[in-house]
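Trainee: Have a look at this one before I ask anything.
The values are calculated or read from the model by the stated rules, or taken from the named source; none is laboratory data. Quick caveat: nothing in here was measured; it's all calculated off a predicted structure. Glycine gets a Cβ as well: all are built from the backbone with ideal geometry, and neighbour counts include every protein chain shown.
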Amino acid sequence: PEALKHHSRSLFTHMINVKPTDEVLRMEPEDLPPIPWAEGTMHHIFERGWIWSIPFNNEPRSKNPLVSVGLTFDERLYPKQEGVTPEEEFRQHIARFPAVERMFADAVTVRPWVSTGRLQYSSRETVGHRWCLMSHAAGFLDPLYSRGLTNTTEIINVFAWRLLDALREDDFSIERFKYVDTLQKGLIKYNDDLVNASFISFSDYGLWNAVYRVWAAAEVPINLRFDRYIERYRKTGDDRVFQEMEDVEYPALLVPDQP
């Protein structure tokens, strides 16, 4: 973890009776978005921290009343308090934000709270002879941006064809999987830069707006890049086009073939 810049710890649980965000914001109807806030994941940001509310009950066909709730914040600015339970600490923090406090006024936990120390860790090596650490086994930063899911699929994408070739040739040399290690370490570093910059910016809306736009602006090129390679595969039927995706100058960046 000493190689990572970002710092945070977390409290999280599942709750019921969490009020929809749209009911507690006290916004005029004309100021509300066309799609209710509660139909998505709620992120409430504050200085060097954020609160999440992920409803599993925000779809008419859902049978699940639960809402995933958590608080992630810099443990240096918000150290653990002796003798204070996670529930009490959570309530103390949401009391600082009236709309968030209204949201959880009647909420009840349905599973024990989890309270962590510093979340960040990383492995010096992520591949070896006949083993590979993937995504959260290789390192973890913060649930902000949900990079765990995308990082996992990116690693599977570059690992799977190498593993199939290794099985076919009975050759599990580390050199064969070197790119997997390079990509994995790059993904951890990029996420560290992104999340650390975001936490720094949370206390200044203008700065946060700029940081967020850098991330959001890269999301469209990511999808277009994959679409282009999928289209090439459909035309040729040659799956080697996907291996060509690895021939980039900046592995692990959101748009790895552009500076």
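Trainee: What do you reckon, is Ser53 at pLDDT 95 or above and touching a Gly at 6+ places or on another chain (Cβ under 8 Å)?
Mentor: No.
Trainee: Can you tell me which residues in the range 23-49 are over 24 Å from the mean Cα position of the chain (by Cα) and assigned to a helix (DSSP H, G or I)?
Mentor: Listed by number, the residues that qualify are Glu23, Val24, Pro29, Glu30, Asp31.
Trainee: Scanning the range 201-224 for residues that are without any contact (Cβ under 8 Å) to a residue 40 or more places away in the chain and buried (at least 17 other Cβ atoms within 10 Å of the Cβ), which turns out nearest to the chain's Cα centre (by Cα)?
Mentor: Among residues in the range 201-224 that are without any contact (Cβ under 8 Å) to a residue 40 or more places away in the chain and buried (at least 17 other Cβ atoms within 10 Å of the Cβ), the one nearest to the chain's Cα centre (by Cα) is Val211.
For every residue, the table says whether it meets (1) within 30 Å of Glu2 (Cβ to Cβ); (2) in contact with a Leu (Cβ under 9 Å, 6 or more places away or on another chain); (3) not basic (Lys, Arg).
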| site | (1), (2), (3) |
| --- | --- |
| Arg91 | no, no, no |
| Ala95 | no, no, yes |
| Phe104 | no, no, yes |
| Met134 | yes, no, yes |
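Trainee: Can I ask one more? Would you confirm whether any residue within the range 176-187 is part of a helix (DSSP H, G or I) and under 30 Å from Glu23 (Cβ atoms)?
Mentor: no
Trainee: Something else now. If I filter the range 148-199 down to residues being without any contact (Cβ under 8 Å) to a residue 40 or more places away in the chain and among the β-branched types (Val, Ile, Thr), which single residue comes out as surrounded by the fewest Cβ atoms within 10 Å (Cβ to Cβ)?
Mentor: Thr153
Trainee: Taking the options Glu59, Glu89, name whichever one is surrounded by 12 or more Cβ atoms within 10 Å (Cβ to Cβ), assigned by TED's automatic domain parsing to the domain that holds Asp22 and out of contact with any Phe, Trp or Tyr (no Cβ under 8 Å at 6 or more places or on another chain).
Mentor: Glu89
Trainee: Something else about it: Could you list all residues from the range 225-259 that are surrounded by 15 or more Cβ atoms within 10 Å (Cβ to Cβ) and out of contact with any helix residue (DSSP H, G or I) (no Cβ under 9 Å at 6 or more places or on another chain)?
Mentor: Val248, the sole residue that qualifies.
Trainee: Taking the range 118-131 as the region of interest, how many residues are touching a residue at least 24 places away in the same chain (Cβ under 8 Å), farther than 16 Å from Trp50 by Cα and surrounded by fewer than 18 Cβ atoms within 10 Å (Cβ to Cβ)?
Mentor: 5
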